[in-house]
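Data first, discussion second: the structure below is written as structure tokens.
The values are calculated or read from the model by the stated rules, or taken from the named source; none is laboratory data. In this text, all values refer to a predicted model and were calculated from it rather than measured experimentally. When we count neighbours, we look across all protein chains shown, and the Cβ atoms used for this are built from the backbone with ideal geometry, even at glycine.
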Amino acid sequence: MFWTKTLIPTLKEVPQEAESVSHQLLLRAGLARMLMAGAYSYLPLGLRVLENIQKIIIEEMNFCSGAQVLLPALQPLELWQRSGRDKDIGEVMFRFNDRRGRKLCLGPTHEEIITELIKNHVSSYKQLPLLLYQIQTKFRDEIRPRFGLIRACEFIMKDAYSFDQDEEGLEKNYRIMYEAYLRIFKRCGLDVLSIEADSGVMGGKVSHEFMVSAKDGEDAVLICPTCKSVMAFKEEADKVCVKCKAHLQKINAIEIGHIFKLGTKYSLALGANFLDAKGNLKPIIMGCYGIGVSRIISAAIEQNHDNDGIIWPKELSPYQVIITALDVTNKDIMEISLSLYEELGALGISVLLDDRDERAGVKFKDADLLGIPLQLIVGKGSLKDGSLELKNRITKEKLIKSRVEILKELAQQIHG
RNA sequence: CGGGGCGUGGCUCAGUUUGGCUAGAGCGCUUGCUUUGGGAGCAAGAGGCCGUAGGUUCAAGUCCUACCGCCCCGACCA
């Protein structure tokens with residue numbers, strides 16, 4: 001992509017509306033813009049990051065034999081009345097009437113909808129176990145949306161649902177999901193902590209939260225400095241680690257995933273039953289597994305930035321390489337830049353070419369702000385002997401070598 | 001919802017305390033010249049119902065009232 005052909009409105013100064021680091025960089029790097037509190041437009045760069053996260057999640061869910069679906073956000077309130085969650089969820093759910101006066105809502109989550117679907121299509125133990133998932137927009141009328149994408153009223157979630165005939169099956173699926181989550185977050189460049197948690201309004205017995213430590217996180221957890229075990233922060237919490245008796249440290253964190261053993265809560269309420277091998281009618285045993293997809297953008301920024309801007313984890317970066325053409329009025333520089341652009345593109349490497357008619361300083365600053373891990377710099381200095389310059393966003397090291405060697409180095413950093 | 005902060009061109013802000021002529025600066029934008037490896041300089045421009053609505057006053061960005069919006073702290077959550 002050419003910079004001049006897309007929309008990347010970078011900001012030199014910190015916008016007044018943002019206080020947390022991820023919120024500031026989200027806006028400064030031109031990833032997203034606020035429409036109103038809790039509702040954001042994803043700009044081209046932000047959307048590419050979002051899609052990269054989705055791609056990782058889809059790969060890992062498919063690896064677990066999950067099958068992707070897409071359920072409606074628009075839902076009849078009646079379904080929520082039948083499960084009894086209409087009252088539990090209360091004002092968090094957006095409600096309204098259609099033209100016929102029918103009561104509708106926008107889905108804050110999808111247990112009811114998926115259970116209703118399964119009820120009509122699964123009736124035998126032979127169809128179990130089953131794992132369905134979707135990546136979809138959720139709506140929650142939050143009391144206080146904040147921190148940009150971290151708590152939004154409209155946000156993107158991956159929600160998966162497992163269906164089993166017994167507790168052993170659920171246990172197995174839960175374990176598989178747990179491991180998949182660790183892989184997903186690792187690939188997203190996140191240092192994640194898992195912690196046993198309350199099930200809250202979801203119901204069920206056991207649940208685990210996945211937290212990433214972040215200075216501006218909304219949640220607090222207690223971590224043991226020696227054995228690294230983590231527990232939920234409670235005011236009355238014991239300040240000493242049970243295992244090694246070290247003093248626990250309170251750190252802020254962002255919750256990016258939560259998995260639940262639901263059991264039969266929804267299958268009983270909505271009548272999702274199956275016949276087992278002996279012909280007995282039994283409720284399906286369920287689990288549900290959520291990831292805050294859009295929230296991961298913010299979490300990744302919180303954990304991967306410096307004073308100059310974002311430093312994207314490899315797999316999330318909107319582009320793998322940015323070519324900084326230092327002088328667009330110079331024919332030779334542009335010729336080299338374009339040929340690099342073509343060559344890398346042919347190798348399947350995603351490239352952003354900064355072809356703006358801007359001074360070098362502006363381009364360097366913006367490249368650092370965007371956080372693309374590899375910067376290929378084409379300028380007069382490297383023109384004379386046909387050499388190229390490769391800057392590593394993390395280490396800030398600049399490597400000046402021949403074109404062949406630089407491209408070899410670049411390929412190694414991308415694939416190696 | 002309770003507590004705190006803020007609202008002035010696209011962005012950051014000054015001006016509001018103590019009301020006074022035609023509302024300012026920097027960045028960004030347009031045009032020209034110069035410059036050109038870490039957010040350039042000069043010159044000339046474009047862009048504002050000072051969040052909205054009432055009120056007080058000879059006079060309101062500035063004072064009063066109500067409302068709206070955004071941010072931060074608390075309950076809720078991916």
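Summary of computed values
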{"item": "Condition check for residue A:187: at pLDDT 95 or above and in the same structural domain as residue A:88 (by TED's automatic domain parsing)", "result": "yes"}
{"item": "When residues of region A:125-181 are limited to those that are touching a Cys at 6+ places or on another chain (Cβ under 8 Å) and near RNA strand B (Cβ under 9 Å from one of its atoms), the one farthest from residue A:276 (Cα to Cα)", "result": "A:145"}
{"item": "Subset of region A:210-225 (residues that are buried (at least 19 other Cβ atoms within 10 Å of the Cβ) and either touching a Pro at 6+ places or on another chain (Cβ under 9 Å) or under 20 Å from residue A:242 (Cα atoms) (or both))", "result": "A:221, A:222, A:223, A:224"}
{"item": "Residues of region A:154-182 classified as charged (D, E, K, R), under 25 Å from residue A:285 (Cα atoms) and surrounded by fewer than 21 Cβ atoms within 10 Å (Cβ to Cβ), total", "result": "7"}
{"item": "Close pairs (6 angstrom Cβ cut-off, 6 or more residues apart or separate chains): touching a residue at least 60 places away in the same chain (Cβ under 8 Å) and closer than 21 Å to residue A:252 by Cα in region A:11-33, among the hydrophobic types (A, V, I, L, M, F, W, C) and in a helix (DSSP H, G or I) anywhere", "result": "A:18/A:27; A:22/A:301; A:25/A:301"}
{"item": "Cross-chain or 6+ apart pairs with Cβ under 8 Å, region A:180-197 first and within 12 Å of residue A:60 (Cα to Cα), then part of a helix (DSSP H, G or I) and not hydrophobic (A, V, I, L, M, F, W, C)", "result": "A:180/A:60; A:183/A:60; A:184/A:60; A:187/A:60"}
{"item": "Residue within region A:295-310 that is in contact with a helix residue (DSSP H, G or I) (Cβ under 7 Å, 6 or more places away or on another chain), modelled with pLDDT under 95 and either exposed (fewer than 14 other Cβ atoms within 10 Å of the Cβ) or not in a strand (DSSP E or B) (or both) present", "result": "no"}
{"item": "Criterion (in a helix (DSSP H, G or I) and either within 15 Å of RNA strand B (Cβ to nearest atom) or surrounded by fewer than 19 Cβ atoms within 10 Å (Cβ to Cβ) (or both)) met by exactly one of A:315, A:389, A:342", "result": "A:342"}
